Ligand code: NI
């Protein structure tokens, strides 16, 4: 079990465009296992590989409603092949933007095409929370965050807050670390 560090806003790697997975080998399976360990530990319902620093088009998800139950889902190279004209609004959050929630409008129903862990092509029609989550995670693969869908005023405010917190954390680290003190 490997719980990996989750990248936090304003980490620039969150803006990278992830690369398609060419072959589902042992290293990809290990990465998927790490993603589940990290996602369940957080805890969260969805994770994109880039959130643990791997710019690969992989998403893990678990939308099990009942406490104690798990329904692990893996989407490799996922793409939206259809979306409804209708939109819906859901409150979203993100493990890379902890404790910040905002309503986001997205297509209410989408069809996603992807590869499963065996490399088989799959297709799923998503609505409700599934639709919100898969669109949020595919956004991550394209370097897009859910705060890009909210007003500029709100986005600027949250980016500023997290940038300030990151600077403060770096400063605090510097104080404790003899290595950087010696620099
Ligand atoms: Ni997210």
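Bear in mind these aren't lab numbers, they're just calculated from the coordinates by the rules spelled out. Quantities reported herein were computed from a predicted structural model and do not represent experimental measurements. Positions of Cβ are backbone-derived with ideal geometry, glycine not excepted, and every protein chain shown enters the neighbour counts.
Using only Cα atoms and rounding to the nearest 10 degrees, what angle (0 to 90) does helix 26-41 make with the longest principal axis of the chain?
70 degrees
Compute the helix-to-body angle for 128-141: its Cα long axis versus the longest principal axis of the chain, expressed 0 to 90° and rounded to tens.
Once rounded, one gets 50 degrees.
What does the helix-only formula give at 222 nm for the chain: each DSSP H stretch with n ≥ 4 adding -39500 (n - 2.57), the total divided by the residues, and the result rounded to the nearest 500 deg cm²/dmol?
Mean residue ellipticity at 222 nm (helix-derived): -10500 deg cm²/dmol.
Within the stretch 149-163, which residues have the backbone N less than 14 Å from the label spot 7 Å out from residue 87 along Cα→beta-carbon, could you tell me?
What the label zone holds, given the 14 Å backbone N cut-off, is 149-152.
Set the Förster radius R0 to 35 Å, insert the Cβ-Cβ distance between residue 163 and residue 120 as r into 1/(1 + (r/R0)^6), and round the FRET efficiency to 0.05.
Numbers: r = 42 Å, r/R0 = 1.21.
After rounding, the FRET efficiency stands at 0.25.
Pairs of Cα atoms under 8 Å, at least six residues apart: use those to get the relative contact order of the chain, whole percent.
Contact order relative to length: 22 percent.
Can you compute the equivalent ellipsoid semi-axes for the stretch 12-159, i.e. the square root of 5 times each eigenvalue of the Cα gyration tensor, sorted largest first and rounded to whole Å?
Values: eigenvalues 104, 64, 50 Å².
Semi-axes, largest first: 23, 18, 16 Å.
Taking the alpha-carbon centroid of each part, what is the distance from the stretch 101-175 to the stretch 2-39 in angstrom?
14 Å
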